[in-house]
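Student: I'd like to ask some things about the structure below.
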Amino acid sequence: MPKSPNQKLKLLYLMRILLTQTDEAHMLSVNDLISKLAEYGVAAERKTIYDDIEALRLYGIDIVMVKSKSYGYYVASRDFELPELKLLADAVQSSNFITEKKSKELVKKLQNLASAHDAKKLQRQVFIQNRVKNMNESIYYSVDTLHEAIAESKKISFQYFDYNIQKERVFRRDGARYTVNPVVLAWNEGYYYLIAHSDNREELTHYRVDKMSGVEKLDESRSTAVGRFDLAEYSKKVFGMFGGEETVVTLRVHNQLVGAVIDRFGKDIAMTADGGQHFTVRVRVVLSPVFYGWLFQFGELCEVLSPQTLKDELKIWAEKFLSQLDK
């Protein structure tokens, strides 16, 4: 049999056919495989198909043969199983920081990791309605640059902006660039945040990455003031990625909120019984409006015992809120 121009690609085409068109519920016989190879302009015989399938098995492709009226073959396992791909696709679709356009592109690439039959199931799985998506298409390049700067211990510069009611960018500092020492990237409530240290400030500052523009890695080395950083421990103290003063707070909490406290601060915190229905706990937090809101949601079930400055601040916030209701 004369060889076609595509004959050298036969093994690659056969692998593609098996990976994209077979799964446990969809097998292909040897005759099917010969026909599908012919669509690529590749001629094949039964004996060479057997040899090629064995070669692909040795390569690491999990090809299973099923004996029925005729022999059928399918790929039994892949790098990503369908349930794993569904989880990844859901994460992409539900992420606020990934734009609608990029979400569709990424999901399409994830579908290429499954068989054509399972890819259809994946497409139905990931449809999420009325999801608010980000408008900043350049965030992917910003994240990559930030990772590089952190890994190489370099400073970065960028512009930072908000949106006005016309959905236009309004740059802070009249467009002047920020220069900071990047510490780590954090994921919080669907958004990427850069946690950074400025040379002229002691406390750490948070920047939402999708609001950063023109991110550049500088040649200047990052400040030596940036030492080891425990993101897991830090995230227990910070609410909503709001920066602020770090303070030790003592709370008296109803027992029905044990789960909420553990979810927020972790299982390592010490909780001391206080009567039959309450416990006290000391936690280190960064004071911010988001932390105040976390406390207010529990009402009388959570009491602030100390410090007094926090109790006074909460009274002011409560009075301001109540005054709005009288207008």
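Student: Filter segment 270-293 down to the residues that are among the aliphatic types (A, V, I, L, M) and within 27 Å of the chain's Cα centre (by Cα) and list them by number.
Tutor: Within segment 270-293, V285, V286, L287, V290 meet the criteria.
Student: Among the candidates L33, L37, L18, single out the residue that is within 37 Å of the chain's Cα centre (by Cα), crowded, with 19+ Cβ neighbours inside 10 Å and touching a residue at least 12 places away in the same chain (Cβ under 8 Å).
Tutor: L18
Student: Moving on. Which one of these does G60 not meet: (1) on the phi > 0 side of the Ramachandran plot; (2) at pLDDT below 85; (3) not aromatic (F, W, Y)?
Tutor: Of the numbered conditions (1) on the phi > 0 side of the Ramachandran plot; (2) at pLDDT below 85; (3) not aromatic (F, W, Y), the odd one out for G60 is (2).
Student: What do you reckon, is V286 surrounded by 12 or more Cβ atoms within 10 Å (Cβ to Cβ), out of contact with any strand residue (DSSP E or B) (no Cβ under 8 Å at 6 or more places or on another chain) and β-branched (V, I, T)?
Tutor: The answer is no for V286.
Student: Right, another one. Can you name the condition, by its number, that F158 falls short on among (1) open to solvent by 30 Å² or more (accessible area, probe 1.4 Å); (2) modelled with pLDDT of 80 or more?
Tutor: Exception for F158: condition (1).
Student: Could you list, in sequence order, all residues of segment 141-152 that are over 18 Å from the mean Cα position of the chain (by Cα), among the small types (G, A, S) and either under 12 Å from M212 (Cα atoms) or open to solvent by less than 50 Å² (accessible area, probe 1.4 Å) (or both)?
Tutor: The one that is over 18 Å from the mean Cα position of the chain (by Cα), among the small types (G, A, S) and either under 12 Å from M212 (Cα atoms) or open to solvent by less than 50 Å² (accessible area, probe 1.4 Å) (or both): A149.
Student: What is the number of the single condition among (1) at pLDDT below 80; (2) open to solvent by less than 80 Å² (accessible area, probe 1.4 Å); (3) assigned to a helix (DSSP H, G or I); (4) not β-branched (V, I, T) that N134 does not meet?
Tutor: Among (1) at pLDDT below 80; (2) open to solvent by less than 80 Å² (accessible area, probe 1.4 Å); (3) assigned to a helix (DSSP H, G or I); (4) not β-branched (V, I, T), N134 violates only (3).
Student: Here's a follow-up. Condition first: touching a strand residue (DSSP E or B) at 6+ places or on another chain (Cβ under 9 Å) and at pLDDT below 65. Can you find one or more residues in segment 215-222 that meet it?
Tutor: Within segment 215-222, not a single residue is touching a strand residue (DSSP E or B) at 6+ places or on another chain (Cβ under 9 Å) and at pLDDT below 65.
Student: Looking at R57 and the list (1) surrounded by 12 or more Cβ atoms within 10 Å (Cβ to Cβ); (2) under 26 Å from K120 (Cα atoms), which single condition is not satisfied?
Tutor: Status for R57: all satisfied but (2).
Student: Sort out which residues of segment 244-268 are part of a loop (DSSP other than H, G, I, E, B) and either in contact (Cβ under 8 Å) with a residue 60 or more places away in the chain or crowded, with 16+ Cβ neighbours inside 10 Å (or both), and write them in order of number.
Tutor: Residue satisfying the conditions is G244 alone.
Student: Could you pull out the residue among V75, V64 that is open to solvent by 30 Å² or more (accessible area, probe 1.4 Å), among the hydrophobic types (A, V, I, L, M, F, W, C) and within 17 Å of S115 (Cα to Cα)?
Tutor: Result of the check over V75, V64: V64.
Student: While we're looking at this one, here's another question. Hey, can you tell me all the residues within segment 270-292 that are farther than 18 Å from H254 by Cα, assigned to a strand (DSSP E or B) and of a type in the set (V, I, T)?
Tutor: Hits for segment 270-292 are V285, V286.
Student: Residues in segment 97-108: is at least one out of contact with any Phe, Trp or Tyr (no Cβ under 7 Å at 6 or more places or on another chain) and either assigned to a loop (DSSP other than H, G, I, E, B) or modelled with pLDDT of 90 or more (or both)?
Tutor: Yes, there is a match, as at least one residue in segment 97-108 is out of contact with any Phe, Trp or Tyr (no Cβ under 7 Å at 6 or more places or on another chain) and either assigned to a loop (DSSP other than H, G, I, E, B) or modelled with pLDDT of 90 or more (or both).
Student: Now, a different point. Does L295 fit the bill of being of a type in the set (A, V, I, L, M, F, W, C), in a strand (DSSP E or B) and either free of Cβ contacts under 8 Å to residues at least 12 places away in the same chain or out of contact with any helix residue (DSSP H, G or I) (no Cβ under 6 Å at 6 or more places or on another chain) (or both)?
Tutor: So L295 fails the test.
Matching residues to (1) under 18 Å from I139 (Cβ atoms); (2) assigned to a strand (DSSP E or B); (3) open to solvent by 20 Å² or more (accessible area, probe 1.4 Å); (4) of a type in the set (A, V, I, L, M, F, W, C):
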{"site": "K167", "(1), (2), (3), (4)": "yes, no, yes, no"}
{"site": "R173", "(1), (2), (3), (4)": "no, no, yes, no"}
{"site": "T179", "(1), (2), (3), (4)": "no, yes, yes, no"}
{"site": "P182", "(1), (2), (3), (4)": "yes, yes, no, no"}
{"site": "A186", "(1), (2), (3), (4)": "yes, yes, no, yes"}
{"site": "L194", "(1), (2), (3), (4)": "yes, yes, no, yes"}
{"site": "D199", "(1), (2), (3), (4)": "no, no, yes, no"}
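The values are calculated or read from the model by the stated rules, or taken from the named source; none is laboratory data. Model, not experiment: these values are computed from the prediction. Cβ: placed from backbone, ideal geometry, glycine included. Neighbour counts: every protein chain shown. These accessible areas exclude ligands, DNA and RNA; they are computed on the full protein's heavy atoms, side chains included. Shrake-Rupley method; radii C 1.70, N 1.55, O 1.52, S 1.80 Å.
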